[in-house]
1. Scan region 202-232 residue by residue and report those that are of a type in the set (A, V, I, L, M, F, W, C), over 22 Å from residue 124 (Cβ atoms), buried (at least 19 other Cβ atoms within 10 Å of the Cβ) and in contact with a Pro (Cβ under 7 Å, 6 or more places away or on another chain).
2. Taking region 20-35, which residues are in contact with a Ser or Thr (Cβ under 8 Å, 6 or more places away or on another chain) and assigned to a helix (DSSP H, G or I)?
3. Right, residue 250: over 17 Å from residue 32 (Cβ atoms), aromatic (Phe, Trp, Tyr) and touching a residue at least 24 places away in the same chain (Cβ under 8 Å) or not?
4. Listed residues 39, 33; which is within 20 Å of the chain's Cα centre (by Cα) and crowded, with 17+ Cβ neighbours inside 10 Å?
5. I'd like to know if region 9-19 contains one or more residues that are over 30 Å from residue 189 (Cβ atoms), among the acidic types (Asp, Glu) and either surrounded by fewer than 23 Cβ atoms within 10 Å (Cβ to Cβ) or without any contact (Cβ under 8 Å) to a residue 60 or more places away in the chain (or both).
6. Among the residues of region 42-59, count how many are in contact (Cβ under 8 Å) with a residue 40 or more places away in the chain and either over 18 Å from residue 116 (Cα atoms) or surrounded by fewer than 17 Cβ atoms within 10 Å (Cβ to Cβ) (or both).
7. Between residues in region 254-279 that are within 12 Å of residue 241 (Cβ to Cβ) and residues that are in a helix (DSSP H, G or I) and among the acidic types (Asp, Glu), which pairs lie under 8 Å by C-beta distance while being six or more apart or on different chains?
8. For residue 78, are the conditions met, namely being of a type outside the set (D, E, K, R), over 26 Å from residue 154 (Cα atoms), surrounded by fewer than 16 Cβ atoms within 10 Å (Cβ to Cβ) and touching a helix residue (DSSP H, G or I) at 6+ places or on another chain (Cβ under 8 Å)?
Amino acid sequence: MTAGETIRGLLELTRPVNAVAAGVLTFIGAFVAGGAAAAPLETVGAVGATVLAVGAGNAINDYFDREIDRINRPDRAIPRGAVSPRGALAFSAVLFAAAVGLAVLLPTAALAIAGINLLALVAYTEVFKGLPGLGNALVAYLVGSTFLFGAAAVGEIRPAVVLFLLAAIATVTREIVKDVEDLEGDREEGLRTLPIVVGERRALHVATALLVLAAIASPIPYLYGFFGYAYLALVIPADAVMLYAAYEGYEDPTAGQTHLKYGMFLATLAFIVGRAATANAASVTG
């Protein structure tokens, strides 16, 4: 293996698109809380810590999943030999250390969230990944908490709480659909994911029910006056996309979980537009 292939393999371990996307979610949390412009250094530090921590978590997940990936994802860096298991573990440790170095510069609430999340990432890969429902719930918390982390970094966590809850519920749905997609490899490895324990159809019923609850709850920021009509104009189509994706997952889990991503992106955009419209209206009336 050449040095270039190894570097490429290390970069692949971090899932750079996912890591950067998590950093964007952290920025959105700060923006929704109204503090991204007022606290730019804290926002940048939180975004950087998120990208590094998610990259580290993805790398250590591939380390623990290397045998499963030989079945489900043989093209990944460790199964194909681009990175050794020990190299992946060391790389993950370096990224974790860098993330902690940035997080310690943030307010106490943000530091607390960062500490909990780092522990949760390791706990997921070693303990919770193969447990029915619990692993899905932990991943959902981690995704949703990026919004809380960004908000806490700028000192105002409350505006991001609803966004955290909605993102977490949508993520649980997507994780269950992904477990249905990965059923063969997970069963071969002896894992006890929700589809293995209760069956594919029942697991998808749970995922769909949770998503329906999220859709019902999504107007809350409008009802409480946090955001106006601009938010509703985007969040309602987002709900429709995600509900269709859950339905689609019964026949095609791969397409279903991909389209769930699109719906989650549109829902996040609804919060951005809602916050921007509210801030603009406040500046006009002020």
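1. Hit for region 202-232 is 227, nothing else.
2. Of everything in region 20-35, those that are in contact with a Ser or Thr (Cβ under 8 Å, 6 or more places away or on another chain) and assigned to a helix (DSSP H, G or I) turn out to be 22, 23, 25, 26, 27, 28, 29, 30.
3. Here the answer is yes, as residue 250 does meet what is asked.
4. Criteria check complete, one pass: 33.
5. There is no residue in region 9-19 that is over 30 Å from residue 189 (Cβ atoms), among the acidic types (Asp, Glu) and either surrounded by fewer than 23 Cβ atoms within 10 Å (Cβ to Cβ) or without any contact (Cβ under 8 Å) to a residue 60 or more places away in the chain (or both).
6. The qualifying residues number 3.
7. 256/248; 259/248; 263/239; 267/239
8. So residue 78 fails the test.
The values are calculated or read from the model by the stated rules, or taken from the named source; none is laboratory data. Every value quoted in this text rests on a predicted model; they were computed, and no experiment measured them. As a convention, Cβ positions derive from the backbone with ideal geometry for all residues, glycine included, and neighbour counts pool all protein chains shown.
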